[in-house]
Amino acid sequence: MTRYAFALSTNNEISQAGVVQSDSFTDALKLLSEQMTVKAGDTLEIGVYGFPPAHYECVASLGEGDILWRPSGLMAA
């Protein structure tokens, strides 16, 4: 299992941070979505040791752990 470090931010302040273990990145996002209270506009930074973290923004929280994330902080080509 891979260990993913994460930080959830609300209004540019970290509200939750820690580590989650999962077989895949998709499963890690699902676990976090089920265990955290996330609302539209929140941002998630998640990654593995030795690599830059991925940045996501919550577009919508549909309830029952279903969160719509979109990549954030990407620069235009």
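The values are calculated or read from the model by the stated rules, or taken from the named source; none is laboratory data. Note that the coordinates shown come from a computational prediction; the quantities given were computed from them, not determined experimentally. Every residue, glycine as well, gets a Cβ built from its backbone with ideal geometry; the counts of neighbours run over all protein chains shown.
Scanning the stretch 34-77 for residues that are touching a Phe, Trp or Tyr at 6+ places or on another chain (Cβ under 8 Å), modelled with pLDDT under 90 and among the hydroxyl-bearing types (Ser, Thr, Tyr) gives a single hit, SER72. Taken across the stretch 6-24, residues that are assigned to a loop (DSSP other than H, G, I, E, B), out of contact with any Lys or Arg (no Cβ under 6 Å at 6 or more places or on another chain) and at pLDDT below 90 do occur, with at least one present. Is one or more of the residues making up the stretch 19-39 free of Cβ contacts under 8 Å to residues at least 12 places away in the same chain, among the hydroxyl-bearing types (Ser, Thr, Tyr) and under 21 Å from GLY73 (Cα atoms)? Yes, the stretch 19-39 contains a residue that is free of Cβ contacts under 8 Å to residues at least 12 places away in the same chain, among the hydroxyl-bearing types (Ser, Thr, Tyr) and under 21 Å from GLY73 (Cα atoms).
Can you tell me which residue is surrounded by the most Cβ atoms within 10 Å (Cβ to Cβ) among those in the stretch 3-30 that are out of contact with any strand residue (DSSP E or B) (no Cβ under 6 Å at 6 or more places or on another chain) and among the β-branched types (Val, Ile, Thr)? Residue satisfying both the conditions and the ranking: THR10.
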